[in-house]
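A quick write-up on the structure given underneath.
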Amino acid sequence: MNPDDLRRLEEVGTEVQIAAGQILTERGHPGTGLFVIVEGTVVVEAPEGTRELGPGAVIGERALLSGTRTARVRAASDLRVVVVDRAAVEQLCADPAFASRLATASYPVDRGTFLSSE
């Protein structure tokens, strides 16, 4: 996703604070929206491995496509995130170019580093 896409998500979302250690998503649970990290880091525990992601990362986009969360995400530090609900994401996805970029946003190389692989 590009900076304009992130701004669009931030415009329709709600900024919230999340304390270190809190769980943002649990694998297998329904996907109701996504998160954009503004400040802080999370640890993503997914079948393909464990990653740490920080500012600018989008979390939860896969669940909007598949219907269920594919990873457990925990706040590694205190976070400031923008929460965007499914309805707002669906409205943004009326733009096919935005929808395409969101669909390919999962785990780009420059957004995080694998901590371990399973």
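The values are calculated or read from the model by the stated rules, or taken from the named source; none is laboratory data. Keep in mind it's a predicted model, so treat the numbers as computed, not measured. We place every Cβ from the backbone using ideal geometry, glycine too, and count neighbours over all the protein chains shown.
Can you pull out the strands (runs of 3 or more DSSP E) entirely within the range 46-103 that have at least 1 residues that are over 16 Å from Ile23 (Cα atoms)? If you could, list the steps in order and put the result at the bottom.
On the way: elements: 49-53, 72-75, 79-85.
Here the list reads 49-53, 79-85.
Taking the criterion of being over 20 Å from Leu92 (Cα atoms), among the aliphatic types (A, V, I, L, M) and surrounded by 14 or more Cβ atoms within 10 Å (Cβ to Cβ), would at least one residue in the range 47-59 satisfy it? First the steps, then the outcome.
First, the residues of the range 47-59 that are over 20 Å from Leu92 (Cα atoms): 47-55.
Filter once more, keeping what is among the aliphatic types (A, V, I, L, M): 53.
Remaining after also requiring surrounded by 14 or more Cβ atoms within 10 Å (Cβ to Cβ): 53.
Yes, some residue in the range 47-59 is over 20 Å from Leu92 (Cα atoms), among the aliphatic types (A, V, I, L, M) and surrounded by 14 or more Cβ atoms within 10 Å (Cβ to Cβ).
Only a single item in (1) out of contact with any Gly (no Cβ under 7 Å at 6 or more places or on another chain); (2) on the phi > 0 side of the Ramachandran plot is not met by Ala87, and it is number (2).
Of all residues in the range 70-118, count the ones that are surrounded by fewer than 16 Cβ atoms within 10 Å (Cβ to Cβ), out of contact with any helix residue (DSSP H, G or I) (no Cβ under 9 Å at 6 or more places or on another chain) and modelled with pLDDT under 80. Number of matching residues: 10. For the range 1-44, filtered to residues that are at pLDDT 95 or above and in a loop (DSSP other than H, G, I, E, B), the residue that is surrounded by the most Cβ atoms within 10 Å (Cβ to Cβ) is Gly40.
Answer yes or no as to whether Gly67 is touching a Gly at 6+ places or on another chain (Cβ under 8 Å) and either of a type outside the set (A, V, I, L, M) or modelled with pLDDT under 90 (or both). Let's see the steps before the verdict.
Values: touching a Gly at 6+ places or on another chain (Cβ under 8 Å): yes; either of a type outside the set (A, V, I, L, M) or modelled with pLDDT under 90 (or both): yes.
The answer is yes for Gly67.
Which of the residues spanning the range 2-26 are closer than 17 Å to Val73 by Cβ and of a type in the set (A, V, I, L, M)? Explain how you work it out, then say what you get.
Let us first name the residues in the range 2-26 that are closer than 17 Å to Val73 by Cβ, namely 9, 13, 16-26.
Within the range 2-26, Leu9, Val16, Ile18, Ala19, Ala20, Ile23, Leu24 qualify.
Pairs are defined by a Cβ separation below 8 Å, a sequence spacing of at least 6 or placement on different chains, a first member in the range 13-41 that is on the phi < 0 side of the Ramachandran plot, and a second member that is in a loop (DSSP other than H, G, I, E, B) and surrounded by fewer than 13 Cβ atoms within 10 Å (Cβ to Cβ); the pairs so defined are Pro30/Gly67; Gly31/Gly67.
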